Every structure is written in C-alpha cells, then in structure tokens.
Amino acid sequence: MPSALDTNMRFKFSILAILLQVIIIVLFGIFVEYDNSDASCSLYPLFQDVHVMIFVGIGFLMTFLKKYGFSSVGINMLIAALGLQWGTLMQGLWHGKGEKIHVNIYSMINADFSTASALISFGAVLGKTSPVQMLILTILEITIFSCNEHLVTEILQATDVGASMTIHAFGAYFGLAVTLVLYRPGLKNKHENEESTYQSDIFAMIGTLFLWLFWPSFNSAIASEPIYQMKAIVNTYYSLAACTVVTFALSSLVDQRGKFNMVLIQNATLAGGVAVGTCADLSIQPFAAMCIGSVAGIISVLGFHFLTPLLASKLNIQDTCGVHNLHGLPGILGGIAGIIVTAIKEEDRLGVQFTPGMQAAALGSTIGIALVGGALTGGILKLPFLGQVSDQNCFDDSVYWEVPEEEKPHEIHSNNEHYDEHSRFEATM
C-alpha cells in the first residue's frame with residue numbers, strides 16, 4: 001500500500017500537470033493561430049534535427065546514473081513537452097506584433113530553444129528534485145528565459161545565432177543558482193547511487209553522438225539568410241571536430257594512467273558546439289572556429305577535472321551533470337568570442353550593426369538574470385509543501401517509477417567491481 005506521503009505527492013503532480021495543460025490549451029485557443037502567410041516549411045529538416053537533440057540527445061546524455069535512467073529520459077521528455085508549449089506562448093508574447101501569436105516552423109524551433117534552457121538546468125539538479133518541482137522550474141525558467149532573450153536580441157540587438165549566451169550560459173547559471181539554494185548537506189559526500197556503470201555510460205554516449213551530429217543544425221536553424229546559415233554549419237562542423245581531438249588528448253593527459261575518461265568524452269567533446277554558437281554565422285573563417293573549439297575543449301576538460309570538485313566543496317554547488325563545464329564556461333567563451341569578432345570586424349544583419357559593447361552587455365545581463373532568476377526559483381522550489389525526496393532516495397528511479405525487479409542496475413554489474421567510471425567526477429581526479 002502506498003504511504004500517505006506517496007499518495008499526496010501523486011495527486012500534487014497529477015493535479016498540477018493537468019491544470020497547467022488546461023491553462024495552456026485555453027491560452028492557445030485565445031491567442032494562437034497559424035501563420036498563413038509564412039513559407040518556413042523549408043526549415044522543417046532543421047527543426048527535426050533540433051527536435052531530436054532536445055528529446056533524444058539531451059535525454060540520453062543524462063542516463064549515466066546507474067539507477068536514474070528512467071527519470072533522465074522520462075522527465076526530460078516531460079519538461080520538453082511542457083516547455084515547448086509554454087515557450088511558444090512566451091516567445092509569441094515578446095516577439096509578436098499583434099493580438100495573435102502566429103505559429104510556424106520558425107516559431108517551433110524557437111520554442112524548442114527555450115525548452116533547451118530548462119533541460120540544461122535539469123542537468124544541474126538531476127536526481128535531487130521531484131517531478132512537481134521540475135514542472136514549476138520549467139514554467140518559471142522559460143518565462144525568465146524569454147524575457148532575457150528579448151532583452152538580448154531586441155533591445156541590446158546583440159548577435160547570438162547559436163545561443164551560446166541566451167541558452168547555454170543562461171541555462172547553466174540558472175541551474176547552478178537553483179542547486180545552490182537547494183543545497184543538501186547530506187549529499188556532501190558522494191551518494192551511493194551517484195555512480196555510473198559500463199552500460200549506463202554507453203547509453204549516455206548515444207546522447208553525445210546525437211548532439212554532436214546535429215549541432216550544426218542547432219547553430220544554423222534561425223540564421224537570417226542561406227549564406228549565414230551555411231557559415232554557421234561550416235563553423236560549427238569544424239569547431240566540434242577540433243574540440244573532440246583536443247578533448248581526447250587532454251583526457252589522456254590529465255589521467256594518471258594515461259587513459260581516456262568517459263565523463264570527459266561524453267561532455268567536453270560537445271563544448272565546441274556551444275562556444276562557437278554566438279559567432280557561428282559571422283565571417284570568422286573555419287580556422288578561427290577550430291581555435292574556438294579547441295579552447296572550449298580545454299576549458300571544459302579542466303573544468304571537470306579541477307573546478308567541479310572545488311564548486312562542490314567550497315561553494316556548496318552540487319552540479320550533477322557538470323553543466324557548468326559543458327554549457328556555462330563554453331557559453332561564456334562564446335560570448336567573449338562574439339565580443340572579439342565584432343570588435344575586429346564590423347558585422348550587421350538586416351541593417352542592425354553588432355558592436356562589442358552590446359555583445360558584452362548581453363553576456364553580462366544574461367548571467368546576471370540567470371543567477372537572480374535561478375536563486376528566486378530555487379527559493380520557490382524549496383517551499384515545504386512541494387515536497388522532495390529525502391537524501392537517501394536521491395538518484396533512484398524507484399521513488400517515482402515502476403522499476404522491474406530483475407533490472408536492478410546495481411545487481412547486473414556486480415561482477416564489474418573494477419570499473420573505473422563509477423563516479424562522474426572522482427574519475428577525473
């Protein structure tokens with residue numbers, strides 16, 4: 001028989017989820033209609049790529065925890081499904097020019113983009129929050145994200161085609177602020193379930209490969225013209241390639257035995273796609289994109305190796321997936337690259353002149369709004385009546401999912417005692 005607490009949490013989640021969906025349907029009925037004048041169907045292949053990244057790439061990237069795979073993929077799907085609907089409304093509110101919100105393939109891509117920020121933050125608190133808390137985080141973060149994105153693109157008129165600042169840096173620092181407020185002293189020492197297995201890391205690597213392959217589409221999807229779209233694809237392509245080679249090299253270098261580390265290969269190989277995003281459609285030439293990707297790989301690897309343990313021990317920031325190293329630091333690097341590129345060479349789109357001052361203001365405001373918004377959201381999620389799992393039950397699917405008894409991850413690999421990737425971050429030391 002379920003306990004009273006289990007029953008209460010079940011009803012809280014079900015009622016909140018249905019209520020939010022009903023509210024969104026009503027708002028769509030009032031404000032949303034087709035964009036009959038639009039011809040954006042040519043963007044559908046790019047939309048498909050972005051959609052796969054959101055639902056498959058990010059979801060599987062977070063399946064490394066040995067007993068949290070259902071939640072990693074499942075809650076990722078829940079957040080994405082709710083977020084793309086709410087994102088449509090929020091993006092339409094800020095960017096709409098009339099009473100109605102007109103939806104098309106372009107707006108669907110932007111809705112997926114807004115969802116990505118919430119999924120990045122989910123990585124920071126992975127295993128430590130309830131489904132109820134994640135529903136609330138999704139609504140609040142996408143609302144704040146849309147405000148910041150409007151500030152960056154419409155008021156400051158900064159360029160950020162691949163959203164290094166507005167998605168990656170924002171999502172990372174929003175999530176870090178949330179996890180700081182939700183700090184659990186009981187998890188200061190590594191939880192027994194905060195480990196990976198051989199199979200769980202293989203699944204996570206599947207997510208990495210999907211993201212790696214489709215990242216050029218992500219960075220080029222909303223480019224204003226085909227020539228800029230082509231530049232974004234090419235620059236992202238070579239940035240990712242250079243980043244991967246550097247990551248493999250440093251992974252072996254920082255390991256005392258000279259072995260590759262799966263934590264780094266799963267994450268740092270993607271940092272080049274994040275870092276080149278801001279200036280992906282600018283005329284930086286492929287060699288510059290490769291330089292950006294190489295630097296991104298370096299700071300991501302060093303972040304996992306040195307900075308993550310420091311943040312956890314000194315600042316009480318328990319970053320489960322290391323989003324600071326994959327999204328936060330490379331996102332800042334992307335913002336800095338945008339400042340440098342616009343200072344060296346004048347760039348404009350549709351009559352808008354990009355300046356290093358506006359690029360710097362966009363980066364600063366994004367990080368500031370993310371930290372404040374994340375802290376406020378964390379404070380709301382910490383309210384006692386929302387409930388959350390105990391420290392003992394963190395990183396365990398069985399708290400919220402029906403888990404087949406014969407599939408207990410900790411029993412399947414009982415003969416794999418010497419697997420070196422049990423800890424996401426201890427293995428990098």
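Checking each residue in region 212-227 for being more than 10 Å from residue 49 (Cβ to Cβ) and crowded, with 24+ Cβ neighbours inside 10 Å picks out only 219. One residue stands out in region 18-47 among those that are among the hydrophobic types (A, V, I, L, M, F, W, C) and outside any helix (DSSP H, G or I): the one that is surrounded by the most Cβ atoms within 10 Å (Cβ to Cβ), namely 32. Are any residues in region 170-191 at pLDDT below 90 and in a helix (DSSP H, G or I), and if so, which ones? If the condition is that a residue be at pLDDT below 90 and in a helix (DSSP H, G or I), then 185, 186, 187 are the ones that fit.
Counting the residues of region 383-400 that are aromatic (Phe, Trp, Tyr) and either modelled with pLDDT of 85 or more or on the phi > 0 side of the Ramachandran plot (or both) gives 2.
Residue 241 meets the conditions (1) open to solvent by less than 60 Å² (accessible area, probe 1.4 Å); (2) closer than 22 Å to residue 117 by Cα in every case but one. The failed one is (2). Filtering region 133-147 to residues that are crowded, with 24+ Cβ neighbours inside 10 Å and either over 16 Å from the mean Cα position of the chain (by Cα) or without any contact (Cβ under 8 Å) to a residue 12 or more places away in the chain (or both) leaves only 133.
Contact annotation: residue pairs with Cβ atoms under 7 Å, 6 or more positions apart or on different chains, pairing a residue in region 296-316 that is closer than 18 Å to residue 175 by Cβ and outside any helix (DSSP H, G or I) with a partner that is modelled with pLDDT of 95 or more and aliphatic (A, V, I, L, M), are 316/180. If you filter region 266-317 down to residues that are of a type in the set (Phe, Trp, Tyr) and surrounded by fewer than 24 Cβ atoms within 10 Å (Cβ to Cβ), you find that the one that is farthest from residue 343 (Cα to Cα) is 306.
Checking the structure you have, find out if any residue of region 331-343 is open to solvent by 10 Å² or more (accessible area, probe 1.4 Å) and part of a loop (DSSP other than H, G, I, E, B). No, region 331-343 contains no residue that is open to solvent by 10 Å² or more (accessible area, probe 1.4 Å) and part of a loop (DSSP other than H, G, I, E, B).
Look at region 68-84: where a residue is farther than 20 Å from residue 389 by Cβ and a partner is of a type in the set (Asp, Glu) and in a helix (DSSP H, G or I), sitting 6+ places away or on another chain with Cβ atoms under 6 Å, you get 84/112. Scanning region 344-372 for residues that are open to solvent by 70 Å² or more (accessible area, probe 1.4 Å) and in a helix (DSSP H, G or I) yields 344, 358, 371, 372.
Just one of the listed residues (122, 70, 64) is open to solvent by less than 10 Å² (accessible area, probe 1.4 Å) and either at pLDDT below 95 or touching a Phe, Trp or Tyr at 6+ places or on another chain (Cβ under 9 Å) (or both), and it is 64. The combined condition, being among the basic types (Lys, Arg) and either over 30 Å from residue 39 (Cα atoms) or not in a helix (DSSP H, G or I) (or both), is not fulfilled by residue 231. With the condition kept exactly as written, say whether any residue in region 293-310 is touching an Asp or Glu at 6+ places or on another chain (Cβ under 7 Å) and modelled with pLDDT under 95. Yes, region 293-310 contains a residue that is touching an Asp or Glu at 6+ places or on another chain (Cβ under 7 Å) and modelled with pLDDT under 95.
Here's the yes/no breakdown for (1) in contact with a Lys or Arg (Cβ under 7 Å, 6 or more places away or on another chain); (2) among the small types (Gly, Ala, Ser); (3) farther than 30 Å from residue 374 by Cα; (4) open to solvent by less than 50 Å² (accessible area, probe 1.4 Å):
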position: 176; (1), (2), (3), (4): no, no, no, yes
position: 189; (1), (2), (3), (4): no, no, no, no
position: 195; (1), (2), (3), (4): yes, no, no, yes
position: 236; (1), (2), (3), (4): no, no, no, yes
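Checked against (1) among the small types (Gly, Ala, Ser); (2) touching a Cys at 6+ places or on another chain (Cβ under 9 Å); (3) modelled with pLDDT under 95, residue 338 meets all criteria but (3).
The values are calculated or read from the model by the stated rules, or taken from the named source; none is laboratory data. Here the structure is a predicted model, which means the values were calculated and not measured. Neighbour counts are summed over all protein chains in view; Cβ atoms, including those assigned to glycine, are modelled from backbone coordinates with ideal geometry. For the accessible areas, the whole protein counts, side chains as well, though only heavy atoms, and no ligand, DNA or RNA atoms are used. Shrake-Rupley method; radii C 1.70, N 1.55, O 1.52, S 1.80 Å.
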